Amino acid sequence: MLNVGAGAGSYEPTDRRVIAVEPSWVMLSQRPPGAAPAVQSRAEALPFRDQAFEATMAVLTLHHWSDRAAGLAECARVTRQRVVLLTWDPAVDAFWLTQDYFPEFVEADRKAFPAMAEYARSFGPGARVEIKPVPIPRDCIDGFLGAYWARPAAYLDAEVRAGISSFARPDLEAGLERLRADLGTGAWHVRHGKLLEASDLDLGYRLVVAHLSDRRSSVG
């Protein structure tokens with residue numbers, strides 16, 4: 001299988017034969033010993049023959065692609081069975097972090113992430129596309145933006161923010177200071193404390209599965 005936008009390989013299965021694609025030398029250099037072999041390339045120009053892989057995966061990476069339609073078409077081209085994507089639905093409401101403290105994050109993400117209808121168009125007629133919500137547990141151990149929704153103080157930790165691409169921008173101190181103040185005064189808990197009763201939360205993350213074998217059978 002192929003992992004597109006693989007980064008350091010955090011999401012790669014260990015029980016499959018995997019080839020990773022990552023455009024950044026910095027990320028490639030962070031891949032641990034024993035990780036799947038990796039190629040420096042972009043989603044929009046995958047250096048593989050047609051239908052070279054049984055499946056292709058891409059996890060929270062589409063917003064970094066310069067041409068989403070071309071990248072999705074390339075994923076479909078090199079795949080025989082299915083393309084599996086973890087992405088975010090730009091139509092959902094912002095959660096408390098981006099609504100109250102960093103609205104610029106959601107404004108940028110709504111421009112960068114594809115609408116859900118775009119996937120069916122990108123994979124073409126005959127492909128069967130499933131889209132399922134991925135609720136985020138309150139104790140999520142991953143480090144993406146929504147992982148700490150039930151642990152608001154974590155966003156004040158510079159080490160946590162260093163692993164979240166949305167925070168890789170200047171002029172964040174005002175939002176951080178508002179969050180720090182609201183946690184200190186209890187204002188955050190007044191507005192959002194009810195959320196802490198939930199075991200998980202739908203923040204808009206979606207699993208998109210394109211069944212490409214259906215497309216070929218319909219053509220045939």
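Return yes when V84 is in a strand (DSSP E or B) and open to solvent by 30 Å² or more (accessible area, probe 1.4 Å) and no when it is not.
yes
Consider A115 against the criteria (1) under 14 Å from the mean Cα position of the chain (by Cα); (2) surrounded by 14 or more Cβ atoms within 10 Å (Cβ to Cβ): it satisfies all of them except one. Which criterion is unmet?
Of everything listed in (1) under 14 Å from the mean Cα position of the chain (by Cα); (2) surrounded by 14 or more Cβ atoms within 10 Å (Cβ to Cβ), A115 misses just condition (2).
Select from the stretch 120-148 the residues that are among the aliphatic types (A, V, I, L, M), in contact (Cβ under 8 Å) with a residue 12 or more places away in the chain and in a loop (DSSP other than H, G, I, E, B) and write down the one among them that is nearest to R206 (Cα to Cα).
Among residues in the stretch 120-148 that are among the aliphatic types (A, V, I, L, M), in contact (Cβ under 8 Å) with a residue 12 or more places away in the chain and in a loop (DSSP other than H, G, I, E, B), the one nearest to R206 (Cα to Cα) is V134.
For the subset of the stretch 40-75 comprising residues that are outside any loop (DSSP other than H, G, I, E, B) and among the acidic types (D, E), which member is most open to solvent (accessible area, probe 1.4 Å)?
In this case the residue turns out to be E54.
For the stretch 152-161, does any single residue satisfy the condition of being outside any helix (DSSP H, G or I) and among the small types (G, A, S)?
no
Can you tell me which residue among F105, F113 is touching a helix residue (DSSP H, G or I) at 6+ places or on another chain (Cβ under 6 Å) and closer than 27 Å to L212 by Cβ?
Exactly one of F105, F113 is touching a helix residue (DSSP H, G or I) at 6+ places or on another chain (Cβ under 6 Å) and closer than 27 Å to L212 by Cβ, namely F113.
Considering each residue of the stretch 72-104, count those that are closer than 28 Å to P13 by Cβ and free of Cβ contacts under 8 Å to residues at least 24 places away in the same chain, and give that number.
0
Which ones in the stretch 173-202 are surrounded by fewer than 15 Cβ atoms within 10 Å (Cβ to Cβ) and not charged (D, E, K, R)?
A174, A181, G184, T185, G186, A187, H189, V190, G193, L196, A198, S199
Return the pair list, or none, for Cβ contacts closer than 6 Å from residues in the stretch 184-213 that are farther than 23 Å from P90 by Cα to residues that are modelled with pLDDT under 95 and part of a loop (DSSP other than H, G, I, E, B), at least 6 apart or on different chains.
L212/A127
Can you spot a residue in the stretch 165-172 that is open to solvent by less than 50 Å² (accessible area, probe 1.4 Å) and of a type in the set (S, T, Y)?
yes
The values are calculated or read from the model by the stated rules, or taken from the named source; none is laboratory data. Keep in mind it's a predicted model, so treat the numbers as computed, not measured. Cβ: placed from backbone, ideal geometry, glycine included. Neighbour counts: every protein chain shown. These area figures cover heavy atoms from the full protein model, side chains too; ligands, DNA and RNA do not enter into them. Shrake-Rupley method; radii C 1.70, N 1.55, O 1.52, S 1.80 Å.
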